[in-house]
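This report refers to the structure that appears directly beneath it.
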Amino acid sequence: MALGKYSRVDNRRHNSSYCSTVTIVVFVGLCLVGVWMMTSSSVVPGQNVDVPAQENKNEVKQQVTESNEINTKQFEDNPGDLPEDATKGDNSMPEEKPEEKPEEKPEEKLEEKPDATKGENSMPEEKPEEKPVEKTEEKSNEETKSDDGSDTETQNGVNNTEDVDAKTNDGETNTEDGGTKADDSEGNAAGQGDSEESSTEKKPDTDETETKSDENAGEDKDRETGNDQLDDKVDQKDDKESDKSSDGQANNQSSGELLPSGAQSELSNETSTQSGSWSTQAAESKNEKETQQSSNQQKGYNWKLCNVTAGPDFIPCLDNLQAIRSLRSTKHYEHRERHCPEEPPTCLVLLPEGYKRPIEWPTSREKIWYHNVPHTQLAQYKGHQNWVKVTGEFLTFPGGGTQFQHGALHYIDFLNESVPGIAWGKRTRVILDVGCGVASFGGYLFDRDVLAMSFAPKDEHEAQIQFALERGIPAISAVMGTKRLPYPGRVFDAVHCARCRVPWHIEGGKLLLELNRVLRPGGFFVWSATPVYQKLAEDVEIWQAMTELTKAMCWELVSINKDKLNGVGVATYRKPTSNDCYEKRSKQEPPLCEASDDPNAAWNVPLQACMHKVPVGSLERGSQWPEQWPARLDKTPYWMLSSQVGVYGKPAPEDFTADYEHWKRVVSNSYLNGIGFNWSSVRNAMDMRSVYGGFAAALKDLNVWVMNVVTADSPDTLPIIYERGLFGIYHDWCESFNTYPRSYDLLHADHLFSKVKKTCNLAAVFAEVDRILRPEGKLIVRDKVEIINELENMARSMQWKVSMTYSKDKEGLLCVQKSMWRPKESETITYAIA
């Protein structure tokens, strides 16, 4: 009751005059009771049941008055000799409210409520005995309640007893979630606060209610702003589930914003009186079931370490030793190809001993921690060629290679001078580097605005791809064997091979014809190998075979140049832009592919020794060269027509533009500012389910490269991604990815897991996420709420840090960070044991 509150404050400012004012206060209180009894039947007829209880309280007023001095001292001493102002209650110390702990559990609040609202059996002498039981964190709130229970009853009689009820519920509201105010109206209903005040003095309490609403709303707005305006259900988390364990009232954290104040408070009181300050049995039972289900689900994940021969370098589809042993032949490098187990592993790969957080880019291009990739064989084998050296606790990379021992940058500029048409970073933006070694060539092409998709097999050149990825250079483990490379046709601006040890000329040029498939019409093949510049018998034989093969393929030999500094020669070929040469060949070898042969089909498709015709229609993809970089990033590809329907249902050009605008907003407004990530530690990123490459395009201004993965069962939009000057790969997430463990700083999955769950073991997919993500790496998931909850449980079971969860309209966002934790138990993977 407003009058009771402010009368109490004024009286407390004159503690020395208690005896002289008690009689006046009691008289005024009795008068107010009389007025209230005359008007309450018309204001709140449904609440008359509380009147006898308050009259009974008035009967014990004399006892309370006589023990006023004693009780006051008891409540003042209990907080621990705090200043007098610290025990004056809610209204005299409003600045203490933010200090009340939002983590207070519903069970604790339910225990406190009866103490403040017991009725005639509520004796102030009993309260000090309960206080020591409460937690230390709740001391501020408990002190307030204690004073309300003693001083209020003594000074203001029955009306102040009503005040106790209202204040208790206010305290509960403050301990809820800062912005949650559902209990506020319920507290007023239980204590008849607002309704009674409306018949006497409504204004002061209304103002206070509005002030509290404004403060709580301000807290909500601050939280939303800090999380990039993620609307009304964001949970900022630090690896705890404080809000999720609350009762039914806490399920909607923004409910306070919907509660009215002032003149509409009667409706709130009338409605909330049905359940009062207690949650319903249905809500309690539902929450308990969900809690048990979540707990059982979390307990159900029994992660174990993978006991495999490859140890911390385990790649399930490349280390299936059982399948490799059963191969009939390894002539075409079948043993370096993918052989995925029938059931993907659900175990976790162990960390190398002494593993540290990777060095950040660009320093990582020159050196990495030795213990992160503890392999020295390559340093011994290729150290003289400046591939890699062991330097104390580091592995250092002088930037050399077999064909450019004096540095990759000199070699890159030499190529540009030899063939001006290459135009690094303008005409040539995305290239394929075959047999890349430690990928120094691709690593220094970043200085020329060029993206290199580097690959090499997992072979005797121990961990060469792992070195590349640890350095922050894009690369995958792959081999040119019996199957097509996992890329669309006609997407690479250039293909580079520097002593890549691929026998291009054998078996009808099958492997070189695979490069022809992925190379754009008009693109360059840069071949730096000994047959170009040495005169040994074997080299001369290979050069002659290559000359015949490239001529039959209608490739034009643009130049042969020798790099005097490195002492190597480079031959550069150009793929034709028309079919004229194909039609004029006297001998149709190699043959043209059948018209039904799709050059974009690349997932587990066997190689064929044939050539696809060059597209010549003005609206066919590959008939025109893309815009120069960086203009090609934003421009809709010319071959996307309005008559085509895009992935999201709009005409294809509109779909493309809308997707890009969407991801620019998400990245700039949310990812870069709202989720608390330190982007300086992010270098290797993967979009696990890319559509048009919008996420990668939105990160263009950061020192980040993004591997765009288009899943095998999704619309084939990977050619669009390459057209934009980005790169990517086809993949099926029911299988392991062709990369080493601990390869990526950031994984991004937009509605991936809800799709793969239909066909894959979700636990195995998440174990694969754990395998390829670095410790302290981040995972961002956008998906259905039920998937988000399941993934969050998995992440917590691996002791990952949950940075944020967000849900709205059955859609959710999850941001988690991988930890260094590894399980102690191990599981032997029999197919991966030598």
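In what order, largest first, do 711, 280, 830 sit by accessible area if the probe radius is 1.4 Å?
Output order, biggest surface exposure first: 830, 280, 711.
Mind jotting down the distance between the C-alpha centroids of segment 345-399 and segment 590-664, whole Å?
When both Cα centres are located, 38 Å separates them.
Accessible surface of residue 797 in the full protein assembly, 1.4 angstrom probe, to the nearest 10 Å²?
20
Using label points projected 7 Å from each Cα along Cα→Cβ, tell me how many nm separate residue 628 and residue 826, to one decimal.
5.8
Quickly work out the residue 280-to-residue 536 label distance, labels modelled 7 Å from Cα along the C-beta direction, and quote it in nm with one decimal.
8.4
Taking the Cα atoms of segment 386-465 alone, what are Rg (to one decimal) and Dmax (as a whole number) in Å?
Considering segment 386-465 through its Cα atoms, Rg and Dmax are 13.3, 43 Å.
Roll a 1.4 angstrom probe over the protein heavy atoms and tell me the percent of accessible area of segment 748-801 that is carbon or sulfur.
Of the solvent-accessible surface of segment 748-801, carbon and sulfur hold 44 percent.
Just to confirm, what accessible area per residue do you get for segment 708-763 at 1.4 Å probe, in whole Å²?
25
Quick check: at a probe of 1.4 Å, how many percent of the accessible area of segment 356-427 sits on carbon and sulfur atoms?
The C+S portion of the solvent-accessible surface of segment 356-427 is 52 percent.
Give the span of segment 334-459's Cα atoms along each principal axis, as three whole-Å numbers ordered largest to smallest.
Here the spans come out as 50, 40, 27 Å, largest first.
Can you pull the percent of segment 466-557's accessible area that's carbon plus sulfur, 1.4 Å probe, other chains left in place?
53
Using the heavy atoms of the protein chains and a 1.4 angstrom probe, tell me the accessible area per residue for segment 304-380 in square angstrom.
Result: 51 Å² of accessible area for each residue.
Assuming R0 = 41 Å, what is the FRET efficiency of residue 620 and residue 557, from their Cβ-Cβ distance, to the nearest 0.05?
In this case the efficiency is close to 0.95.
Find the accessible area per residue for segment 509-662; the probe is 1.4 Å, ligands and nucleic acids are left out, and the unit is Å².
It amounts to 49 Å² per residue over segment 509-662.
Would you mind putting 362-368, 404-410, 689-695 in packing order, based on average other-beta-carbon counts within 10 Å, highest first?
Descending packing order for the listed peptides: 689-695, 404-410, 362-368.
Please name whichever of 754, 663, 682 sits farthest to the positive end of the charge dipole of segment 621-763, dipole taken about the Cα centre and charges placed at Cβ: Lys and Arg +1, Asp and Glu -1.
The Cα lying farthest towards the positive end belongs to 682.
Within 15 Å, Cβ to Cβ, of residue 347, how many net charges do the neighbouring residues add up to if Lys/Arg are +1 and Asp/Glu are -1?
-3
The values are calculated or read from the model by the stated rules, or taken from the named source; none is laboratory data. None of these values were measured; they are calculated from a predicted model. As a convention, Cβ positions derive from the backbone with ideal geometry for all residues, glycine included, and neighbour counts pool all protein chains shown. Side chains are part of the model used for accessible areas, which takes the heavy atoms of the whole protein and leaves out ligands, DNA and RNA. Shrake-Rupley method; radii C 1.70, N 1.55, O 1.52, S 1.80 Å.
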